[in-house]
Amino acid sequence: MNLQIFTTGGTIDKIYFDAKNDYQIGDPEIDALLMEANVSFPYSVTSLLRKDSLEMTDEDRILIHDAVAAAPCRHILITHGTDTMIETARCLSDIHNKTVVLTGSMQPARLRVSDAFFNVGFAVASVQLLPSGIYVAMNGRVFDPAVSRKNVEANRFESV
C-alpha cells in the first residue's frame, strides 16, 4: 500500500503557547506519529492547509477535494479539525475508486494525554481495510459522513 496523507490543520496540529495562553496551528504532527509507530509502508505527507476547521471556507474544501481527486494513490488519509470534518467529508462524496479516511483529535498530538495517536493508527488501519468510499475514523469507530455528526457535549462522533 502507498498512502497519501493530506494535512489541513485542526487540533491535532495545535501547539500551546503558555506565554500567550493560546493554541495555534503548528507543523503537521502525523509524520512524527507514524515514525514513532515505526510504520513500514510507503507514505507521503502534503500540507494543504493550517487552519482550525471552524475557519475553513468552501474554497478550502474545494482545494481538499481537488487534491484528493488528483492524487495518484488509491488510499488517502486526511487529518482535519473535528468541528467541520463531517462537512468536508461530505464534499468528497463524488470521488470514487479511492478509499479516503478523515481523522483528527480532540486534544493536540503534542500533549501527553491525547487521542491523536490512537485516532491516526485507527485511521491508517481503516484506510487499508475499507472498500472505496469516504469515511471518518474517530473514537474507535468508522462513520459514514452522510449519516454522522460530532456530538460536542459528549466530545465524540456518532451516527444519526
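The values are calculated or read from the model by the stated rules, or taken from the named source; none is laboratory data. On a predicted model such as this, the values are computed, not experimentally measured, just so you know. Note: ideal-geometry Cβ built from the backbone for every residue, glycine included; neighbour counts use all protein chains shown.
Here are the criteria: (1) in contact (Cβ under 8 Å) with a residue 60 or more places away in the chain; (2) of a type in the set (A, V, I, L, M, F, W, C); (3) surrounded by fewer than 18 Cβ atoms within 10 Å (Cβ to Cβ); (4) in contact with a strand residue (DSSP E or B) (Cβ under 8 Å, 6 or more places away or on another chain). Tell me which single one V147 does not satisfy.
Only one criterion is unmet by V147, namely (1).
Which count do you get for residues in region 25-35 that are exposed (fewer than 13 other Cβ atoms within 10 Å of the Cβ) and either within 20 Å of A89 (Cβ to Cβ) or free of Cβ contacts under 8 Å to residues at least 12 places away in the same chain (or both)?
Residues meeting the conditions: 1.
F117 - would you say it is part of a helix (DSSP H, G or I), modelled with pLDDT under 95 and within 13 Å of the chain's Cα centre (by Cα)?
In short, yes.
Filter region 120-134 for residues that are farther than 20 Å from A32 by Cα and either in contact with a Lys or Arg (Cβ under 7 Å, 6 or more places away or on another chain) or of a type in the set (A, V, I, L, M) (or both); which is surrounded by the fewest Cβ atoms within 10 Å (Cβ to Cβ)?
L129
Please verify whether region 55-78 includes one or more residues that are among the hydroxyl-bearing types (S, T, Y), in contact with a helix residue (DSSP H, G or I) (Cβ under 7 Å, 6 or more places away or on another chain) and either modelled with pLDDT of 95 or more or not in a loop (DSSP other than H, G, I, E, B) (or both).
Looking through region 55-78, none of the residues is among the hydroxyl-bearing types (S, T, Y), in contact with a helix residue (DSSP H, G or I) (Cβ under 7 Å, 6 or more places away or on another chain) and either modelled with pLDDT of 95 or more or not in a loop (DSSP other than H, G, I, E, B) (or both).
Collect the residues in region 1-22 that are of a type in the set (A, V, I, L, M, F, W, C) and either modelled with pLDDT under 85 or in contact with a Cys (Cβ under 9 Å, 6 or more places away or on another chain) (or both), keeping them in residue-number order.
Answer for region 1-22, where residues must be of a type in the set (A, V, I, L, M, F, W, C) and either modelled with pLDDT under 85 or in contact with a Cys (Cβ under 9 Å, 6 or more places away or on another chain) (or both): M1, L3, I15, F17, A19.
Restricting to region 42-98, name every residue that is over 19 Å from V152 (Cα atoms), aliphatic (A, V, I, L, M) and in contact (Cβ under 8 Å) with a residue 60 or more places away in the chain.
A67, V68, A71, I76, L77, I78
Can you work out which of the residues in region 90-119 that are surrounded by fewer than 23 Cβ atoms within 10 Å (Cβ to Cβ), out of contact with any helix residue (DSSP H, G or I) (no Cβ under 6 Å at 6 or more places or on another chain) and of a type in the set (D, E, K, R) is nearest to Q24 (Cα to Cα)?
R110
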